Every structure is written in structure tokens, then in C-alpha cells.
Amino acid sequence: MQTYSSRFINFWLFTLAIIVLLMIAVGGLTRLTESGLSMVDWKLFMGVIPPISQADWIKLFEDYKQYPEYQIKNVNMTLDGFKYIFWWEYGHRVLGRIIGLVFIIPFIYFSLKKSFTNSEYIFFITLLLLGSIQGLIGWWMVKSGLDINPYVSHIRLAVHLIFAQIILSIIFYLLIKRMVKEKYQSINLSHKISFVLFNIIIFFTVIYGAFMAGLDAGQSFNTWPKMGDNFVPENLFFWEEKLFGILDNSVFIHFFHRILAYSSIGIIFVIYIFYQKRIDNSFQRIHLFSILVLVLIQLIVGIFVVLSNVQISLGSIHQVLGTFIFLLSSSYSLNILFR
């Protein structure tokens, strides 16, 4: 039977997971609406106070005009247009601060009450470190677009996204560990290896999804199953670029993202067919089935994202689904590896 303290910790973890998921969704919309460079400074405490008067808005807009995004991309932007992109970035940053408060205050309280096991405490300290680093990564990412080139680095964007998803996955793993009393089954070594391989594929799918968003690579080909007139597009490698363009060639990034998606479907089908009947834990079976279903839905949504020329709402749904797949697959792996 759970104690009052234990139930409160579970509620706390669930609340954290919801807010982090919301922040990831808002972050994705901030990128899709090209709003990420609207706040040109980083104020840890004063940054939560929004502009109140017209004079405040004009001051912020004038600050924004000093940077390349306005001068090169948005020179005809009005104050109302600036307000639209500002609120997306502002909401994203405020959510980050809310997450920090929602985490640190209960964490200190429960630590003083010695409510965590030793293994849980290690994971919570890891979350604290990752969350602190994530704030710095966010500003490091924004700074990349405040220089000469008015575009956020797609590599820094990928780092920012993957850190957020790792944080969410650890929270979800801890929640499952606390609420599901029956341990997950690790059928055999091949079960572990195959799921680790699946997680590696999902990991790189997320990274290349961020590359797609950062470089607008989804708009390079709006056809499926072919890319243009061919299954394998021309200019797949730019040999004169670093690493043959695998990090900055939008054609390769788009193609490889598709290959990773197909690979994830193949391997999760194999895992499900071979292992689902051998799992006695009913929650674990549901967990595995949920991953399979989400991967299939994600493929369908991804196709429509491409065909729609990356329509914003579809792009956001695609990112949120990708986040769910990442947290479900990684938490499943953690539960069979750390039983």
C-alpha cells in the first residue's frame, strides 16, 4: 500500500512529465513559426516579466531590429507581427522556469524527508544536472542565430531537443518504476539487444528530425514514397562538404530520416512478433504494443507532413508523437535493463 508521501511523489512526477511534454510541444511550435530569435537577451529572473506598456513593446521591437533576423528576413515586419513571434518564445522560456520551480522545491523537501531510495536519488540528481545544462543549451542554441547568419544552428537545435526528451524519458521511467510493482521481464539477451538497437534508431530519428526542422529539409521534397522522381534522390552526398554532407546536406538529411523511420517500423514489428507472447507482465505488453501503434501512426503522419509541405499543425503533431515514441521506447529499455 502506498503512503501519502509516495502518492505525492507520483503526482509530482506525473505533473513534471506533463509540463515537460508541453514545453517540448511549445518548443516545436516556436521553431515551426520561426519565433525562436524574437527574444534577443537572456535574463534568468527578469525574463519572466512580459512587456506591459506600448513603450515596452516598442523597446523590445527596436532591440530585435538590431539583429540579422530582422535585417535580413523580417525587414517588413510590423509590431503586431513581432508580438506574434515573441509570445511563442516567451511562453517557451517561462515554461522552462516553471519546470525548474516544480522540480526543485519538492525535490528538496523529499530529499530532506529521505523519501527516495538510493537508486532513485541518483536519477533525480541526474535530472537536476540535465535540467540545469538544458537551460544553458537553450541560450547556446539561440545565440547561434544572433550572429551574422539569422538561423538557429540545426545541430544545437538537435542537442536541445534530445536533452528535453531524455529528461522526459527519465521522469517517465521513474513513474513506471514506482507505480508498476511487477518488474518488467527481460526475456533473453537478444530481447535486450534488439530493443537497445531500436532505441538507437529512434535516437537518430529524433536527431535527424531536428535537423529536418532546423534546415527546413522537409520542404525539399513534397512527394512520397519517391523523393521527387526517384526513390534515391540526386545530390544525396555533397562530397566537398564535411562528412559528405551527412550533417548539413538537406537532401541527405531528408532521405536518411525516411530510412530511419522505415527501419524503426521493421525492427519494432520483429520485436513484437517474437516477444509479446512471452511477456507475462500485462502492463509491459501494453507498453510494447503502444510503441508499435505509435510508430505506425507516426509514419502516416510523417507522410502527410511531407505532402502538406510541412503544415504547422501537422509538423507539431509529428514532433509530439516522436517525443512519445522516444519516451516509451527508452523507458521500456531502462526497465528491462535496470530491473
Task: When residues of the range 117-133 are limited to those that are surrounded by 15 or more Cβ atoms within 10 Å (Cβ to Cβ) and touching a residue at least 12 places away in the same chain (Cβ under 8 Å), the one farthest from G96 (Cα to Cα) - done: E120
Open item on the list: Quick check on the range 279-312: of everything there that is touching a helix residue (DSSP H, G or I) at 6+ places or on another chain (Cβ under 9 Å), in a helix (DSSP H, G or I) and small (G, A, S), which residue is farthest from F172 (Cα to Cα)?
Closed with: G302
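Listed here are the residues, each with its yes/no results for (1) without any contact (Cβ under 8 Å) to a residue 60 or more places away in the chain; (2) more than 28 Å from I133 (Cβ to Cβ).
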site: S5; (1), (2): no, yes
site: N10; (1), (2): no, no
site: W42; (1), (2): no, no
site: K59; (1), (2): yes, yes
site: P68; (1), (2): no, no
site: I72; (1), (2): no, yes
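If only one of F256, F204, F195 is assigned by TED's automatic domain parsing to the domain that holds V301 and modelled with pLDDT under 90, which one is it? Walk me through it before giving the result.
Working: F256 fails: modelled with pLDDT under 90; F204 fails: modelled with pLDDT under 90.
Of F256, F204, F195, the one residue that is assigned by TED's automatic domain parsing to the domain that holds V301 and modelled with pLDDT under 90 is F195.
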Task: So L328, is it at pLDDT 90 or above, of a type outside the set (F, W, Y) and buried (at least 18 other Cβ atoms within 10 Å of the Cβ) - done: yes
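Does the range 200-229 hold any residues that are without any contact (Cβ under 8 Å) to a residue 40 or more places away in the chain and aliphatic (A, V, I, L, M), and which are they? Give the derivation first.
Of the range 200-229, the ones without any contact (Cβ under 8 Å) to a residue 40 or more places away in the chain are 200, 220, 225-229.
Those that are without any contact (Cβ under 8 Å) to a residue 40 or more places away in the chain and aliphatic (A, V, I, L, M): I200, M227.
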- [ ] Quick one: count up the residues across the range 275-290 that are closer than 14 Å to S194 by Cα and at pLDDT 90 or above.
- [x] 1
Task: Given (1) under 20 Å from G135 (Cα atoms); (2) exposed (fewer than 12 other Cβ atoms within 10 Å of the Cβ), number of the condition P106 does not satisfy - done: (2)
Open item on the list: Tally up the residues in the range 140-186 that are in contact (Cβ under 8 Å) with a residue 12 or more places away in the chain, out of contact with any Lys or Arg (no Cβ under 8 Å at 6 or more places or on another chain) and exposed (fewer than 15 other Cβ atoms within 10 Å of the Cβ), please.
Closed with: 5
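The values are calculated or read from the model by the stated rules, or taken from the named source; none is laboratory data. Since the model is a prediction, treat every value here as computed from it, not as a measurement. Methodologically, a virtual Cβ is constructed for each residue, glycine included, from the backbone with ideal geometry; neighbour enumeration extends over all protein chains shown.
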